[in-house]
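**Q** This structure is in structure tokens; I'll ask about it shortly.
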Amino acid sequence: MKDYTALLLNCYIKQKKITELRDFVEKKNVSTSLLDVETAIEVCKDTNQINLALSIAEKAKMVDYYIELLIEFKSMNLNFIINIESYEAALEYLEKIPEIDKRFQLSMKYGSKFLTECPQKMLKFLRNFITQIIGLRKSGTDPNIKYENLIKLFLNQEALLEELLDFVINNDDGCDSSIIHR
């Protein structure tokens, strides 16, 4: 399947039939089609068809790949290909993920990059995220997420960490006592 996908996409790209390739991908149900989605994304990345790679990742609901693509191409200074601020776009995409555990997992994976590149937006995201978790806990729903683990993201970001901890102390009556005694 991987070889078929790579061959098919490379044929479209080498013949400069990008519009046809885009149409092909858009008409297929990417997640269940004959395409190997990861290979399709890799081929698009390798041939600088970044917007198509993003489209495939989004259509296949591969949020990790989508965020990774945005961050990767920002760090490679390929903004001319993607006409958006990649870190901010990746963070906005992360905010829209409905599964709280997936959002937490991706926050832990990419959070330090977001804190470096767009610290205030990441801090706002974390406040909203923590508020949501606190709300779930108060309503009796335990999301089984310890937002306290997010503190690990703040290596060498003492001022931002202090700001977040103040927010937690002021908003979560049941916060971990180690946060209060910082």
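**Q** Considering only residues that are at pLDDT below 75 and either in contact with a strand residue (DSSP E or B) (Cβ under 9 Å, 6 or more places away or on another chain) or β-branched (Val, Ile, Thr) (or both), which ones fall in the range 1-47?
**A** Passing the criteria: Thr5, Val25, Val30, Thr32.
**Q** A follow-up question, please. Quick one: count up the residues across the range 123-182 that are over 16 Å from Met108 (Cβ atoms) and of a type in the set (Val, Ile, Thr).
**A** Result for the range 123-182: 7.
**Q** If you don't mind, there's one more thing I want to ask. Please go through the range 135-165 and pick out each residue that is at pLDDT 85 or above, of a type in the set (Asp, Glu) and exposed (fewer than 12 other Cβ atoms within 10 Å of the Cβ).
**A** Glu158
**Q** If you don't mind, there's one more thing I want to ask. Consider Tyr87 against the criteria (1) surrounded by fewer than 17 Cβ atoms within 10 Å (Cβ to Cβ); (2) touching a residue at least 24 places away in the same chain (Cβ under 8 Å); (3) at negative phi: it satisfies all of them except one. Which criterion is unmet?
**A** Answer for Tyr87: the failing condition is (1).
**Q** Only one of Ile67, Ile100, Ile50, Ile82 is at pLDDT 85 or above and over 12 Å from the mean Cα position of the chain (by Cα); which?
**A** Ile100 is the lone residue from the list that is at pLDDT 85 or above and over 12 Å from the mean Cα position of the chain (by Cα).
**Q** Where residues in the range 111-149 are touching a residue at least 12 places away in the same chain (Cβ under 8 Å) and of a type in the set (Asp, Glu), which of them is nearest to Leu94 (Cα to Cα)?
**A** Glu117
The values are calculated or read from the model by the stated rules, or taken from the named source; none is laboratory data. All of these numbers come straight from a predicted model, not from anything done at the bench. With ideal geometry, Cβ positions are generated from the backbone for all residues, glycine too; neighbour counts draw on all protein chains shown.
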